[in-house]
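One structure below.
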Protein chains: 2
Amino acid sequence: MKLYSGYINELIDELAALPGIGNKSAQRLAFYIIGMSDERVNKLSGSIVQAKQHVHYCKVCQNLTDTEICPICSDPSRDPSTIMVVEHPQDLAAYEKTGKYKGLYHVLHGSISPMLGVGPDDLRIKELLQRLGPESRVKEVIIATNSDLEGETTAMYLSKLIKLLGVKTTRIASGVPVGGDLENIDEMTLLRALDGRTEI
Amino acid sequence: MKLYSGYINELIDELAALPGIGNKSAQRLAFYIIGMSDERVNKLSGSIVQAKQHVHYCKVCQNLTDTEICPICSDPSRDPSTIMVVEHPQDLAAYEKTGKYKGLYHVLHGSISPMLGVGPDDLRIKELLQRLGPESRVKEVIIATNSDLEGETTAMYLSKLIKLLGVKTTRIASGVPVGGDLENIDEMTLLRALDGRTEI
């Protein structure tokens, strides 16, 4: 005998297919959703459809936006001579929250990962190179991919390509996080911090 | 300047309002959903609306179902003389998976919690008592609420009411879980296991 109605099973399956949601969480979420008011259920499902319908990639930087060119790319007060390359829109958001970076961005939507079968062609690299063509005003590309194996691989790959175009390429520093306790920091990070030491 | 499009913010807010999903997870989920195919997005939002539309509480046991009376209540092979009272549909599902319990169920949809402002009237207790009226064939009510403070309070409250109706009331055993290592089990559970010891 089927334990749940087909409608519940379908909802559980759909929720469990989302990242970071296991079967038990999906079940709990499904029961919660069924117990919500009609109004809240409609708002939830509506917001999913609306976001998908209206949000797409910015033609220039590939960040998510509901306009053709995103607010950052179309902001005349941003410095067009610098592009920071990040893996995901979340990373861009993290840097924007600091309020200190005034250049533009480029979102790759991933990193090169032979393990996961993600190659350079699966990322928005072609779109980045197009921004660095002969008529470009870009003087520096800051590579801010994650400092894990995939992020480093991507940074190396990009830096080789971009240098060929004659544009200065930099990499964000890797080291001990501010407020970090040396005792609790992994060996690799400690060695990176040592290698990257600067005179004070 | 707004960091994300309003559509993204709305989706993040709706997702973050679900239980167990924090702001960061909601952001990650929202970006993931926007990156899904149109077909998958429609299936997800459709399954939410469909489940809410078709699934309701069984008239008898209050479990979730898409028929008026749920498959368990309408199954003639189940023993109608026993009702197991559980807090949530998930708990019923857990007992059904054992395949050993052949009686009926009653789902309270919560437990009495003065802290959270949940009183007896907020639970499906009235519906349980209706099933135990003079013409009822029920001989035993097994109270299988959780063994936390709220579950125990609810069990005590129910047992007093049900005994007044002259129906035998039992409580599932509390003790050391099967495969449990005594060393890692909390004091309260150890004492419960001692109190509940049976002759072998």
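Which loop trypsin sites (Lys or Arg not before Pro) in segment A:157-200, with loop taken from DSSP, have no more than 12 other Cβ atoms within 10 angstrom of their Cβ?
A:Arg197
For chain A, with a Gaussian network of springs between Cα atoms less than 10 Å apart, report the residue from A:Ala93, A:Ala26, A:Ala51 with the top mean-square fluctuation.
Judging by the Gaussian network model, the answer is A:Ala26.
If you roll a 1.4 Å probe over segment B:22-155 with all protein chains in place, what percent of the accessible area is carbon or sulfur? Display every interim value, and only then the final one.
Working: 3470 of 6690 Å².
Carbon and sulfur: 52 percent of the exposed surface of segment B:22-155.
Considering only A:Val118, A:Val176, A:Val55, give the residue with the highest GNM mean-square fluctuation for chain A, with springs between Cα atoms whenever their separation is below 10 Å.
Among A:Val118, A:Val176, A:Val55, the largest mean-square fluctuation in the Gaussian network model of chain A belongs to A:Val176.
Is segment A:4-54 rounded, prolate or oblate when judged by the Cα gyration tensor, a ≥ b ≥ c being the square roots of its eigenvalues, rounded requiring a/c under 1.5 and prolate requiring a/b larger than b/c? Don't skip to the end; give the middle numbers.
Working: a/c = 2.03, a/b = 1.31, b/c = 1.55.
Because a/c hits 1.5 or more and a/b fails to exceed b/c, segment A:4-54 counts as oblate.
Label-point separation (nm) for B:Lys139 and A:Asp122, each offset 7 Å from Cα along Cα-to-Cβ?
Result for the modelled spin labels: 6.2 nm.
Would you look at the GNM of chain A, springs on alpha carbons closer than 10 Å, and say which of A:Asp91, A:Asp148, A:Asp38 moves the most?
Checking each option, the largest mean-square fluctuation is seen for A:Asp38.
For B:Val85, list long-range residues whose amide hydrogen, built 1.01 Å from N in the peptide plane, is under 5 Å from its own amide hydrogen.
The answer is B:His106, B:Ile142, B:Ile143, B:Ala144.
Add +1 for every Lys or Arg and -1 for every Asp or Glu among the other residues with Cβ under 14 Å from the Cβ of A:Thr153, and state the total.
Numbers: positive: A:Lys160, A:Arg171; negative: A:Glu87, A:Asp122, A:Asp148, A:Glu150, A:Glu152.
Neighbour charge sum, excluding A:Thr153 itself: -3.
Against the longest alpha carbon principal axis of chain A, how many degrees, from 0 to 90 and to the nearest 10, is the axis of helix A:23-35 turned?
So the inclination is approximately 60 degrees.
Testing the spin-label approximation: label points 7 Å from Cα along Cα→Cβ at B:Gln53 and B:Glu96. State their distance in nm.
Modelled inter-label distance: 2.3 nm.
Can you list the HN-Hα couplings for segment A:118-130, worked out from phi with the Karplus curve (6.51, -1.76, 1.60; θ = phi - 60°), rounded to whole Hz and with x for Gly and Pro?
Along segment A:118-130, the couplings run 9, x, x, 5, 7, 9, 7, 7, 4, 5, 5, 4, 4 Hz.
With a ≥ b ≥ c taken as the square roots of the eigenvalues of the C-alpha gyration tensor of segment A:89-135, please select rounded if a/c is under 1.5 and otherwise prolate if a/b is larger than b/c or oblate if it is not?
Cα axes put segment A:89-135 in the oblate bin.
Hey, what do the phi angles of segment A:85-97 turn into as Karplus ³J(HN,Hα) couplings, whole Hz, using 6.51/-1.76/1.60 and θ = phi - 60°, x for Gly and Pro?
The phi angles translate into 9, 10, 7, 10, x, 4, 5, 4, 4, 4, 6, 5, 5 Hz.
Any idea what the relative contact order of chain B is, in percent, if you count C-alpha pairs under 8 Å spaced at least 6 apart? Spell out each step's value before the answer.
Values: 222 pairs, mean separation 26.2, N = 200.
Computed value for chain B: 13 percent relative contact order.
Helix A:6-16 against the longest principal axis of chain A: what's the angle in degrees, Cα atoms only, rounded to the nearest 10?
20 degrees
Give me P(r) over the protein assembly as shown, computed from all C-alpha to C-alpha distances, binned every 20 Å, as integer percentages.
Whole-percent P(r) values from 0 Å outward: 21, 39, 28, 11, 1.
When DSSP beta bridges are limited to those with both residues in segment A:48-148, what percentage is antiparallel, rounded to the nearest 5?
Antiparallel bridges make up about 25 percent of those DSSP assigns within segment A:48-148.
If you filter segment A:67-159 for GluC sites (Glu not before Pro), then keep DSSP loop positions with at most 14 other Cβ within 10 Å, what is left? It would help to have the intermediate numbers written out before the result.
Numbers: sites: A:Glu68, A:Glu87, A:Glu96, A:Glu127, A:Glu135, A:Glu140, A:Glu150, A:Glu152; in loops: A:Glu68, A:Glu87, A:Glu135.
Passing sites in segment A:67-159 are A:Glu68, A:Glu135.
Could you pull the accessible area for A:Asp122 with a 1.4 Å probe, rounded to 10 Å²?
Approximately 100 Å² for this residue.
Tell me the angle of helix A:149-164 to the major Cα principal axis of chain A, expressed in degrees between 0 and 90 and rounded to the nearest ten.
Approximately 40 degrees, to the nearest ten.
Calculate for chain A the 222 nm mean residue ellipticity that helices alone would give, adding -39,500 (n - 2.57) per DSSP H run of length 4 or more and normalising by residue count, nearest 500 deg cm²/dmol.
Values: 7 runs with 82 residues, N = 200.
The per-residue figure over chain A is -12500 deg cm²/dmol.
What average number of partner chain Cβ atoms lie no more than 10 Å from the Cβ of the residues making up B:49-60? Don't jump to the answer; show the numbers that get you there.
On the way: counts 10, 6, 15, 13, 4, 5, 11, 2, 2, 0, 0, 0.
Shielding by partners across B:49-60 averages 6.
The values are calculated or read from the model by the stated rules, or taken from the named source; none is laboratory data. Only a predicted model underlies this, so the values are computations on that prediction, with no experimental measurement involved. All Cβ positions, even for glycine, are placed from backbone atoms using ideal geometry, and neighbour counts span all protein chains on display. Calculation scope for accessible area: heavy atoms of the full protein, side chains included, ligands and nucleic acids excluded. Shrake-Rupley method; radii C 1.70, N 1.55, O 1.52, S 1.80 Å.
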